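Notes follow the structure.
The values are calculated or read from the model by the stated rules, or taken from the named source; none is laboratory data. None of these values were measured; they are calculated from a predicted model. Cβ placement follows ideal geometry from the backbone for every residue including glycine, while neighbour counts extend to all protein chains displayed. Heavy atoms of the whole protein, side chains included, go into the accessibility calculation; ligands, DNA and RNA do not. Shrake-Rupley method; radii C 1.70, N 1.55, O 1.52, S 1.80 Å.
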Amino acid sequence: MRLFQIDQRLEYPLSVLQAGPFAIRYTYARSRETQQGDDIGQDYLTYKVTNDGIMFCVCDGVSQSYYGNLAAKYLGDALLQFMSESDCFNSMDSEYVKYRLCSSLQRMTAQATAMINRHEIPTHIGGLFREVLEEKRMKGSETTFVCGKIIYSAAQKKGQITAACLGDTGIRLFDYGTEIPGLLTGEISHWNRWSSCDGVLGEGPSILTVSLERDASGPNCIQVFTDGLMGYKKWRRPPDDAELRQMIHTSHDHAASDDVSFLEISWNEVTGGFKR
């Protein structure tokens, strides 16, 4: 088993590694303002490689909530644990996955609320700003997310993807460089999110279930990315390493710079089929 969890105070340069039948490409960078202030990033990225597959979660904390970085890390770790312990992400029934996931997301609020209540606001913050934060604390910490599980046998060329998306965190699937749209069920909206206080807000998670079978057309790559990766949603193909680094550099220099998380997982007999 290989578990990876980012430290939200650090930058992670673009990295590519092989784990069984999976090629993993990832990077994480805090916004310019966050780096200059040596503060904690709002995004969180984690994945776990097991004997039969890989599980992952990318969260984008809501900055207008109470310390969105707290919800992002808590939920990312909690969802990874949920996918490890529950069999629902082995199912191809999207309604069943959504029901089990939503039930778990509601149960996660009790421990999350206790964590938020224990959280100490830095002592240098006082006055009106501290009062505003205490008001936000009552409403909870919030985050969007994409999580999923991929099971794939390189020998049999067979497996499945089950993923869930709550909010507008980006998710794209490719078949050797050609995007496959429309595989998610449900509404993608920035109003959909998870709250440490109230659980699921909005329409609930969108679900993706795809069977990967021998000689059948279908995705061989999934990408998840946060909105700090400016402009990528307009691209019609995956970026190579140099292009991805340039996008992150451009985002960092932009006045509206935001945290960037990018995770790409590819499988099959090639490592994604994209230029490195």
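A few notes on this one:
- Summing charges over neighbours of VAL49, with a neighbour being any other residue whose Cβ is under 13 Å away from its Cβ, gives +2 when K and R count +1 and D and E count -1.
- Computed over the chain, the per-residue total of -39500 (n - 2.57) for DSSP H runs of n ≥ 4 gives a 222 nm mean residue ellipticity of -9000 deg cm²/dmol, rounded to 500.
- P(r), alpha carbons of the chain - 5 Å bins starting at zero, rounded %: 1, 6, 13, 17, 19, 17, 13, 7, 4, 2, 1, 0, 0
- For the chain, the list of Cys residues with no other Cys C-beta under 4.7 Å reads CYS59, CYS88, CYS102, CYS165, CYS197, CYS221.
- Share of carbon and sulfur in the accessible heavy-atom surface of the chain [1.4 Å probe, %]: 50 percent
- Here the contact order of segment 9-53, divided by its residue count and restricted to Cα pairs under 8 Å and six or more residues apart, works out to 33 percent.
- Computed over segment 37-139, the quotient of the alpha carbon radius of gyration and 2.2 N^0.38 Å is 1.28.
- Relative contact order %, segment 42-110, counting alpha carbon pairs below 8 Å whose residues are six or more apart: 25 percent
- The calculated FRET efficiency for the pair ASP38 and LYS233, based on their C-beta separation and a Förster distance of 35 Å, comes to about 0.70.
- Of the residues LEU201, PRO181, ALA154, the one whose Cα sits farthest toward the positive end of the charge dipole of segment 122-222, with +1 on the Cβ of Lys and Arg and -1 on the Cβ of Asp and Glu, is ALA154.
- At an R0 of 30 angstrom, the distance between the Cβ atoms of ARG118 and HIS190 translates into a FRET efficiency of 0.55.
- Sorting MET138, MET247 by solvent-accessible area of protein heavy atoms yields MET138, MET247, largest first, with a 1.4 Å probe.
- Distance histogram for segment 159-245 (every C-alpha pair counted, 5 angstrom bins, percent rounded to whole numbers): 3, 12, 21, 21, 18, 13, 8, 3, 1, 0
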